[in-house]
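Engineer: Below: one structure in C-alpha coordinates.
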Amino acid sequence: MKHKVELSWLGNLAYETNMDGHKMITDAGTEVGGEDKGFRPKKLMLTALAGCTGIDTALIVKKMRLDIRDIKVSVEGELTETQPTYYKNMHITYEFFGKDLPRKKLERAVKISEESQCGVSALYKQVIPVTSEIIYHEE
(Lines give C-alpha, C1' and ligand atoms only; values in the text may rest on other atoms or scores of the structure.)
Protein backbone atom coordinates (compact mmCIF):
# COMPACT_ATOMS: atom_id res chain seq x y z
CA MET A 1 0.00 0.00 0.00
CA LYS A 2 1.15 3.54 -0.73
CA HIS A 3 -0.08 6.90 0.48
CA LYS A 4 0.30 10.09 -1.52
CA VAL A 5 -0.49 13.70 -0.76
CA GLU A 6 -0.38 16.59 -3.22
CA LEU A 7 -0.12 20.22 -2.29
CA SER A 8 -1.27 23.17 -4.38
CA TRP A 9 0.59 26.43 -4.01
CA LEU A 10 -1.57 29.29 -2.73
CA GLY A 11 1.12 31.92 -3.27
CA ASN A 12 3.92 33.21 -1.08
CA LEU A 13 4.72 30.29 1.30
CA ALA A 14 1.27 28.71 1.70
CA TYR A 15 0.06 25.38 0.30
CA GLU A 16 -3.26 23.57 0.43
CA THR A 17 -3.88 19.85 0.39
CA ASN A 18 -7.02 17.78 0.28
CA MET A 19 -6.43 14.64 2.29
CA ASP A 20 -9.23 12.08 2.37
CA GLY A 21 -11.76 14.85 1.75
CA HIS A 22 -10.34 17.19 4.40
CA LYS A 23 -8.65 20.41 3.37
CA MET A 24 -5.55 21.59 5.16
CA ILE A 25 -3.33 24.60 4.64
CA THR A 26 0.32 24.77 5.60
CA ASP A 27 2.18 28.06 5.83
CA ALA A 28 5.13 29.66 7.52
CA GLY A 29 4.94 32.22 10.30
CA THR A 30 5.19 35.93 9.64
CA GLU A 31 8.62 35.98 11.31
CA VAL A 32 10.04 34.16 8.26
CA GLY A 33 7.91 35.75 5.54
CA GLY A 34 4.79 33.60 5.66
CA GLU A 35 1.27 34.86 6.27
CA ASP A 36 0.25 32.49 9.10
CA LYS A 37 -2.57 31.00 7.00
CA GLY A 38 -2.19 27.47 8.27
CA PHE A 39 -0.31 24.75 10.11
CA ARG A 40 3.47 24.61 10.38
CA PRO A 41 4.72 21.48 8.60
CA LYS A 42 7.29 20.60 11.27
CA LYS A 43 4.71 20.81 14.08
CA LEU A 44 2.50 18.45 12.09
CA MET A 45 5.11 15.79 12.90
CA LEU A 46 4.15 16.19 16.57
CA THR A 47 0.47 16.09 15.65
CA ALA A 48 1.01 12.90 13.63
CA LEU A 49 2.58 11.17 16.62
CA ALA A 50 -0.08 12.37 19.07
CA GLY A 51 -2.89 11.42 16.69
CA CYS A 52 -1.49 8.00 15.86
CA THR A 53 -0.82 6.87 19.42
CA GLY A 54 -3.99 8.61 20.64
CA ILE A 55 -6.19 6.72 18.17
CA ASP A 56 -4.50 3.43 19.02
CA THR A 57 -4.84 4.02 22.75
CA ALA A 58 -8.53 4.93 22.44
CA LEU A 59 -9.19 1.80 20.36
CA ILE A 60 -7.42 -0.39 22.91
CA VAL A 61 -9.27 1.27 25.82
CA LYS A 62 -12.54 0.66 23.96
CA LYS A 63 -11.67 -3.02 23.35
CA MET A 64 -10.80 -3.38 27.04
CA ARG A 65 -14.21 -1.83 27.86
CA LEU A 66 -12.64 0.62 30.29
CA ASP A 67 -14.76 3.45 31.67
CA ILE A 68 -12.68 6.53 30.85
CA ARG A 69 -14.25 10.01 30.68
CA ASP A 70 -11.50 11.66 28.62
CA ILE A 71 -8.05 11.14 27.14
CA LYS A 72 -5.64 13.91 26.24
CA VAL A 73 -2.39 13.30 24.37
CA SER A 74 0.30 15.93 23.96
CA VAL A 75 3.70 15.70 22.32
CA GLU A 76 6.64 18.02 22.89
CA GLY A 77 9.63 18.01 20.57
CA GLU A 78 12.99 19.62 21.20
CA LEU A 79 14.58 21.23 18.15
CA THR A 80 18.25 21.32 17.26
CA GLU A 81 19.90 24.73 17.35
CA THR A 82 21.61 24.57 13.94
CA GLN A 83 20.12 24.56 10.45
CA PRO A 84 18.38 22.59 9.27
CA THR A 85 16.47 22.43 12.55
CA TYR A 86 14.79 19.14 13.33
CA TYR A 87 13.42 17.37 16.37
CA LYS A 88 16.21 15.70 18.33
CA ASN A 89 13.74 14.07 20.73
CA MET A 90 10.02 13.87 21.46
CA HIS A 91 8.06 13.30 24.66
CA ILE A 92 4.46 12.06 24.78
CA THR A 93 2.16 12.82 27.73
CA TYR A 94 -1.01 10.78 28.09
CA GLU A 95 -3.67 12.11 30.46
CA PHE A 96 -6.58 9.94 31.53
CA PHE A 97 -9.67 11.31 33.27
CA GLY A 98 -12.28 9.34 35.19
CA LYS A 99 -13.28 7.59 38.39
CA ASP A 100 -11.31 4.65 39.75
CA LEU A 101 -8.98 4.61 36.75
CA PRO A 102 -7.57 1.12 36.08
CA ARG A 103 -3.92 2.20 35.97
CA LYS A 104 -2.37 -1.16 35.07
CA LYS A 105 -4.75 -1.60 32.13
CA LEU A 106 -4.18 1.95 30.93
CA GLU A 107 -0.41 1.45 31.13
CA ARG A 108 -0.86 -1.71 29.07
CA ALA A 109 -2.95 0.16 26.47
CA VAL A 110 -0.26 2.81 26.09
CA LYS A 111 2.49 0.20 25.90
CA ILE A 112 0.66 -1.73 23.16
CA SER A 113 0.23 1.45 21.14
CA GLU A 114 3.82 2.58 21.55
CA GLU A 115 5.45 -0.81 21.00
CA SER A 116 3.34 -2.54 18.37
CA GLN A 117 0.57 -0.39 16.91
CA CYS A 118 1.61 3.21 16.17
CA GLY A 119 3.54 3.37 12.90
CA VAL A 120 4.48 7.00 13.43
CA SER A 121 6.09 6.16 16.76
CA ALA A 122 7.88 3.17 15.23
CA LEU A 123 9.38 5.37 12.51
CA TYR A 124 10.39 8.22 14.79
CA LYS A 125 12.01 5.83 17.29
CA GLN A 126 14.38 4.68 14.56
CA VAL A 127 16.00 8.12 14.44
CA ILE A 128 15.31 9.96 17.73
CA PRO A 129 14.51 9.16 21.36
CA VAL A 130 10.75 9.10 22.04
CA THR A 131 9.77 8.99 25.72
CA SER A 132 6.40 9.06 27.44
CA GLU A 133 4.57 9.50 30.71
CA ILE A 134 1.04 8.94 31.98
CA ILE A 135 -0.87 11.35 34.19
CA TYR A 136 -4.07 10.25 35.95
CA HIS A 137 -6.86 12.65 36.86
CA GLU A 138 -9.13 10.86 39.34
CA GLU A 139 -12.54 12.43 39.80
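The values are calculated or read from the model by the stated rules, or taken from the named source; none is laboratory data. Source: prediction; values computed, not measured. Here the Cβ is made from the backbone with ideal geometry for all residues, glycine too, and neighbour counts use every protein chain on show. What goes into the accessible areas is simple: the full protein's heavy atoms, side chains included, and nothing from ligands, DNA or RNA. Shrake-Rupley method; radii C 1.70, N 1.55, O 1.52, S 1.80 Å.
Engineer: In whole Å, what three semi-axes, largest first, describe the equivalent ellipsoid of segment 65-104 built from its Cα gyration tensor (square root of 5 times each eigenvalue)? All intermediate terms of the calculation are to be shown ahead of the outcome.
Structural biologist: Working: eigenvalues 235, 12, 8 Å².
Over the Cα atoms of segment 65-104, the ellipsoid semi-axes are 34, 8, 6 Å.
Engineer: Please go through the residue pairs Lys4/Lys42; Lys2/Lys72; Lys62/Lys104; Lys42/Lys105; Lys37/Lys72; Lys43/Lys105 and name each one whose alpha carbons sit more than 22 Å apart in this structure.
Structural biologist: Lys2/Lys72; Lys42/Lys105; Lys37/Lys72; Lys43/Lys105
Engineer: Return the calculated 222 nm mean residue ellipticity for the chain, to the nearest 500 deg cm²/dmol, obtained by summing -39500 (n - 2.57) across DSSP H runs with n ≥ 4 and dividing by the residue count.
Structural biologist: Values: 3 runs with 40 residues, N = 139.
Value at 222 nm, helices only, nearest 500: -9000 deg cm²/dmol.
Engineer: Could you give the length gained by full extension between Phe39 and Asn89, i.e. 0.36 nm per residue of separation minus their alpha carbon distance, to one decimal place? Walk me through the numbers before you get to the answer.
Structural biologist: Working: separation 50, 0.36 × 50 = 18.00 nm, distance 2.06 nm.
Going from the current span to full extension adds 15.9 nm.
Engineer: Taking the solvent-accessible surface of protein heavy atoms with a 1.4 Å probe, what is the per residue accessible area of the chain in Å²?
Structural biologist: Heavy-atom accessible area per residue stands at 70 Å².
Engineer: With all pairs of different alpha carbon atoms counted, what Kirkwood hydrodynamic radius in Å does the chain show?
Structural biologist: Values: mean 1/r = 0.0591 Å⁻¹.
For the chain, inverting the mean 1/r across all distinct Cα pairs yields 16.9 Å.
Engineer: With each label point set 7 Å from Cα along the Cα-Cβ vector, what nm distance links Ile71 and Arg108?
Structural biologist: 1.5 nm
Engineer: Further question: In debye, nearest 20, what is the charge dipole magnitude of the chain about its Cα centre with +1 on Lys and Arg Cβ and -1 on Asp and Glu Cβ, if you could check?
Structural biologist: My answer is approximately 640 debye.
Engineer: Let me ask something else. Direction-averaged shadow area of the convex hull around the Cα atoms of segment 1-56, nm²? Before the final figure, lay out each step's value.
Structural biologist: Numbers: hull surface 18.9 nm².
Reported value for the Cα convex hull: 4.7 nm².
Engineer: Give the carbon-plus-sulfur fraction of the accessible surface of the chain in %, rounded to a whole number; probe 1.4 Å, heavy atoms of protein chains only. Before the final figure, lay out the partial values.
Structural biologist: Values: 5150 of 9680 Å².
The value for the chain is 53 percent carbon and sulfur by accessible area.
Engineer: Which one, Thr80, Thr47, Gly98, is farthest towards the positive end of the dipole of the chain when Lys and Arg carry +1 and Asp and Glu -1 on their Cβ?
Structural biologist: Positive-end residue among those listed: Gly98.
Engineer: Extending each Cα 7 Å along its Cβ direction at Ile25 and Lys2, get the distance between those two points in nm, one decimal.
Structural biologist: Result for the modelled spin labels: 3.0 nm.
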